[in-house]
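Chemist: Sharing a structure here in C-alpha cells format.
The values are calculated or read from the model by the stated rules, or taken from the named source; none is laboratory data. The shown structure was predicted, so the numbers you read here are calculated from the model rather than taken from an experiment. Heads up, the Cβs are rebuilt from the backbone with ideal geometry, glycines too, and the neighbour counts pull from every protein chain shown.
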Amino acid sequence: IIITHFNNTNTPAQSVVRQRVNLVNHLYKLRYKSCVFDIEPIILGEQIFADLGIDRTPTDIEQQTLGNLPPSLSVDAGHFSKQTNLYIVSKLADFIKQKQWF
C-alpha cells in the first residue's frame, strides 16, 4: 500500500514544494495504480468534518481550496491531529477491506 502525500497548511498556491508533492503523488498513481491509498480527497473534502463533528472554518475552506491540509484537522502545519489520524486509519482499513487484502 502506498499512501499519498499532502500539501502542508499555508503552502503557497505556486511553489516548488507543491509541485513536488503533486508530482510524487502522480507518479505513485501511475506506478502503483490500485495499491495507492489517496488521502487528499479525504482531507480536502467536507465529509471528514461532518464525520468528526468539526465545524469548518473559513481558513479551513481557504486551505482546502488551495489543496492544503486544513488547520482544524491538524496539530501543526504538517501533522494530523490524533482524531484525524484515527479517521485516516479507519479509511485505510476500509480500503484494505474493499481490496480484500486481509
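Chemist: Please verify whether LYS91 is modelled with pLDDT of 95 or more, more than 12 Å from the chain's Cα centre (by Cα) and not polar (S, T, N, Q), treating the condition exactly as stated.
Modeler: Working: modelled with pLDDT of 95 or more: yes; more than 12 Å from the chain's Cα centre (by Cα): no; not polar (S, T, N, Q): yes.
The answer is no for LYS91.
Chemist: For the range 42-62, name all the residues that are buried (at least 16 other Cβ atoms within 10 Å of the Cβ) and either within 12 Å of the chain's Cα centre (by Cα) or of a type in the set (A, V, I, L, M) (or both).
Modeler: Selection gives ILE42, ILE43, LEU44, ILE48, ILE54.
Chemist: Could you run through the range 63-88 and say how many residues are surrounded by 11 or more Cβ atoms within 10 Å (Cβ to Cβ) and assigned to a helix (DSSP H, G or I)? Show your work before the answer.
Modeler: The first filter runs over the range 63-88 and keeps only residues surrounded by 11 or more Cβ atoms within 10 Å (Cβ to Cβ), leaving 63-81, 83-88.
So of that shortlist, the ones also assigned to a helix (DSSP H, G or I) come out as 63-66, 71-73, 83-88.
Residues that pass the stated criteria total 13.
Chemist: If you take the residues of the range 4-41 that are β-branched (Val, Ile, Thr) and surrounded by 14 or more Cβ atoms within 10 Å (Cβ to Cβ), which of them is farthest from SER74 (Cα to Cα)?
Modeler: To start, the set of residues in the range 4-41 that are β-branched (Val, Ile, Thr) comprises 4, 9, 11, 16-17, 21, 24, 36, 39.
From the residues that got through so far, the ones that are surrounded by 14 or more Cβ atoms within 10 Å (Cβ to Cβ) too are 4, 9, 11, 21, 36, 39.
Numbers: THR4: 17, THR9: 9, THR11: 14, VAL21: 18, VAL36: 22, ILE39: 14 Å.
Step by step, filter the range 4-41, then rank; the result is VAL36.
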